[in-house]
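**Q** Handing you a structure now.
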Amino acid sequence: MTVHVVVVGGGFGGLNAARALASHGARVTLIDRENFHLFQPLLYQVATSGLNPADIAYPLRAVFHAAPQVQVRIGEVVNADLDARHVVLADGTRVPYDHLVLAAGATTADFGIPGVAEHALGLKRLADAPRLRGEVLRRFEEADAKPELVAQGWLTTMIVGGGPTGVEMAGALVELFSKVLAKDFPRLDVSRAKVVLVEMGDEVLPPFSPQSRRHAAEQLRRRGVDVLTGCRVQRVDGTHVWLDDGQSVSAATLVWAAGVTAVALPAQLGLSTTRDGRAVVSEDLSVPGHPHVWIVGDLAAAKDAGGQMLPQVAQPAIQGGRHVAQQILRRHAGLATRPFVYRDKGSMATIGRHAAVADLPWGIHLKGVVGWLAWLFLHLLTLMGFRNRLSVLLNWAWNYATWDRGTRLILETPSRRRSGEGMAA
Ligand SMILES: Cc1cc2nc3c(=O)[nH]c(=O)nc-3n(C[C@H](O)[C@H](O)[C@H](O)COP(=O)(O)OP(=O)(O)OC[C@H]3O[C@@H](n4cnc5c(N)ncnc54)[C@H](O)[C@@H]3O)c2cc1C
């Protein structure tokens, strides 16, 4: 009999699980609260006017045009009965399953810091990116109308979190300010627009090699980013950020890239979780005591061979999704399951034009133009859909040749904030 698998989440983990299951004839119901797969690594380029939202999102139904055994369903899973084997959607619908794959990802974490949930902009869902873009552009419009605002930090954007998202965002913003907005706002002294990157560790890009960390910091500073390391944000309001070293920085725009926490679903289902909300999983990525429930990606507290928790990045989700598909088929066929073995393919971050760092397997480190080209090529390759790849390539070529950014549009009415996601403490 065909096995029926409900997959919750159409991100990197869920999509790869659903594809692998479908290719082996399983019946799949893929449930997501959005109707598209989002390529989160390029969200910052939408937020900095380099790409359109549609370039980095791909309709889930289109992914499975040729797979009639996959039913795509839009809906938010709010509960599940793991004994009776069904999930419950927000509208009360129950969807039964033989096996359940939870791949619902993570959400921006504000760590309970006062003011962050109200005043900071997260970057996690697609809607966050045009919102952030609009906020930054609106500050320039406001300062153009009232130049005295510049002295109050109106053109200062503070980015909290020196991981890849914060570094990439900082590099892209200084380029936007100095090359594009300087031309758009000839009456404004755009040289006073600042990008401040705050990292609580001693260096940016903490998980990268020492040479990549140093190179990234050097490049950011050379391009005009104020890099503050070794300090934490204590509280924020709409115009100021207070740091634990006593400084207060005037910044009208605050981007929160300080980390994520797993969505609340595992805890809601009564599963064991780690301190950061990830679900505890067995070696094969099933839930202990629930052999029909599997967890992958940002939501899973999966470990590498050395017992270290895997990072919340795309590769563990992709590999985990494919792995659980195989294990479900094995269990369905009465075979023993196999442990998940993660293959680290390295890490990359771009700082801007002609600058990136890449730490690859076998001790290979790339930087500069070579690293940048490798970053461009890899991201283009892993984007979903030919149309998206072509559109991204054309946008990049246009931006490169002209220093222009085509999508500097303000779409929202003025508002003080914030993420469509809401933040988790
Ligand atoms: C700005 C940013 C930049 C990043 N850059 C990189 C990078 O350069 N390289 C890298 O490797 N990783 C990067 N990451 C991390 C990477 O995107 C994640 O690790 C990866 O997406 C995790 O995959 P996932 O399948 O676990 O979750 P996701 O891809 O987040 O997918 C989760 C899915 O579940 C859906 N969902 C959530 N809750 C529910 C619910 N209750 N019911 C139904 N559906 C639900 C969501 O809509 C979403 O589609 C970045 C992340 C961000 C936010």
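**Q** At 1.4 Å probe radius, can you tell me the per residue accessible area of the chain in Å²?
**A** Details: 18660 Å² over 425 residues.
Spelled out: the 1.4 Å probe surface of the chain, per residue, equals 44 Å².
**Q** Taking the inverse of the average 1/r across all pairs of different Cα atoms in the chain, what Kirkwood radius in Å do you get?
**A** Working: mean 1/r = 0.0446 Å⁻¹.
Radius from the Kirkwood sum: 22.4 Å.
**Q** Okay, next question. Short version: ³J(HN,Hα) in whole Hz for each residue of the stretch 115-122, in order, from phi by Karplus 6.51 cos²θ - 1.76 cosθ + 1.60 (θ = phi - 60°), x for Gly and Pro, what are they?
**A** With coefficients 6.51, -1.76 and 1.60, one gets x, 5, 4, 7, 10, 9, 9, x Hz.
**Q** Summarise the accessible area of the chain (1.4 Å probe, protein heavy atoms) by the percent that is carbon and sulfur. Working shown, then result.
**A** Numbers: 9980 of 18660 Å².
So the carbon and sulfur contribution to the accessible surface is 53 percent.
**Q** What do you get for trypsin sites (Lys or Arg not before Pro) in the stretch 249-351 restricted to DSSP loop and a cutoff of at most 15 other Cβ within 10 Å of the site's Cβ? Display every interim value, and only then the final one.
**A** Values: sites: 275, 278, 303, 322, 330, 331, 343, 345; in loops: 275, 278, 343, 345.
Here the sparse-neighbourhood loop sites are 275, 343, 345.
**Q** What is the extension gain from residue 248 to residue 382, computed as 0.36 nm multiplied by their sequence separation minus the C-alpha to C-alpha distance, in nm to one decimal?
**A** On the way: separation 134, 0.36 × 134 = 48.24 nm, distance 4.05 nm.
Answer, rounded to one decimal: 44.2 nm.
**Q** Quick one: compute the contact order of the stretch 114-241, relative version, from alpha carbon pairs under 8 angstrom and 6+ residues apart, as a percent. Each step should come with its number before you reach the end.
**A** Working: 162 pairs, mean separation 35.8, N = 128.
Result for the stretch 114-241 is 28 percent.
**Q** Still on this structure: For a quick check: with amide H placed at 1.01 Å from N, whose amide H comes under 5 Å from residue 159's, ignoring anything fewer than 5 positions away on the same chain?
**A** 196, 197, 198, 255
**Q** Give the relative contact order (percent, whole number) for the stretch 254-378; include only Cα pairs under 8 Å separated by 6+ residues. Each step should come with its number before you reach the end.
**A** Numbers: 180 pairs, mean separation 17.8, N = 125.
The value is 14 percent.
**Q** What is the spin-label model distance, in nm, from residue 267 to residue 192 if the labels are put 7 Å beyond Cα along the C-beta direction?
**A** Taking the two extended label points, one gets 4.4 nm.
**Q** Take the Cα of residue 404, step 7 Å along the line toward its Cβ, and report every residue of the stretch 174-209 whose backbone nitrogen sits under 20 Å from that point.
**A** 175-187
**Q** So which of 194/367; 345/367; 146/179; 183/367; 194/345; 124/345 end up more than 27 Å apart, counting from Cα to Cα? Present the calculation step by step, with values, prior to reporting the outcome.
**A** Details: 194/367 25 Å; 345/367 16 Å; 146/179 22 Å; 183/367 30 Å; 194/345 35 Å; 124/345 23 Å.
Listed pairs above 27 Å: 183/367; 194/345.
**Q** What ³J(HN,Hα) values, in whole Hz, does the Karplus curve 6.51 cos²θ - 1.76 cosθ + 1.60 give for the stretch 43-52 when θ = phi - 60°, with x put for Gly and Pro?
**A** 3J(HN,Hα) across the stretch 43-52, in whole Hz: 4, 5, 6, 6, 5, 10, 6, x, 10, 8.
**Q** Explain nothing, just the number: relative contact order of the chain, from Cα pairs under 8 Å at least 6 residues apart, as a whole percent. Spell out each step's value before the answer.
**A** Working: 920 pairs, mean separation 95.0, N = 425.
For the chain, the relative contact order is 22 percent.
**Q** Additional query: So how many Å³ per residue does the convex hull of the Cα atoms of the stretch 121-167 work out to?
**A** Numbers: hull volume 3.4 nm³, N = 47.
It comes to 73 Å³ per residue, whole-number rounded.
**Q** Under a GNM of the chain (C-alpha, springs under 10 Å), which listed residue has the highest mean-square fluctuation: 305, 374, 262?
**A** Per the Cα network of the chain with a 10 Å cutoff, 305 tops the list.
**Q** What angle do you read, to the nearest 10 degrees and between 0 and 90, between the alpha-carbon axis of helix 386-402 and the longest principal axis of the chain?
**A** 10
**Q** While we're on this one: If Lys and Arg each add +1 and Asp and Glu each add -1, what is the summed charge of the other residues whose beta carbon sits under 14 Å from the beta carbon of residue 270?
**A** On the way: positive: none; negative: 81, 83.
That works out to -2.
**Q** Report the antiparallel proportion of the DSSP beta bridges in the chain as a percent, rounded to a multiple of 5. The partial results should precede the final answer.
**A** Working: 32 of 67 bridges.
Just about 50 percent of them are antiparallel.
**Q** Expressed as a whole number of Å, what is the distance separating the alpha-carbon centroids of the stretch 69-83 and the stretch 288-310?
**A** Rounded to whole Å, the Cα centres lie 20 Å apart.
**Q** I would also like to ask the following. Based solely on its DSSP helices, what 222 nm [θ] is calculated for the chain when runs of n ≥ 4 H residues each add -39,500 (n - 2.57) and the sum is averaged over all residues, nearest 500 deg cm²/dmol? Walk me through the numbers before you get to the answer.
**A** Details: 11 runs with 123 residues, N = 425.
Computed ellipticity for the chain at 222 nm equals -9000 deg cm²/dmol.
**Q** Please give the FRET efficiency for residue 341 paired with residue 394, using the beta carbon to beta carbon distance and R0 = 45 Å, rounded to the nearest 0.05.
**A** Working: r = 39 Å, r/R0 = 0.86.
Efficiency computed from Cβ-Cβ geometry: 0.70.
**Q** Among 88, 198, 293, determine the one that fluctuates most according to a GNM of the chain built with springs between C-alpha atoms less than 10 Å apart.
**A** Highest fluctuation among the options: 88.
The values are calculated or read from the model by the stated rules, or taken from the named source; none is laboratory data. It should be emphasised that the depicted structure is a prediction, and the values quoted were computed from it without experimental measurement. All Cβ positions, even for glycine, are placed from backbone atoms using ideal geometry, and neighbour counts span all protein chains on display. Ligands, DNA and RNA are excluded from the accessible area calculation, which covers all protein heavy atoms including side chains. Shrake-Rupley method; radii C 1.70, N 1.55, O 1.52, S 1.80 Å.
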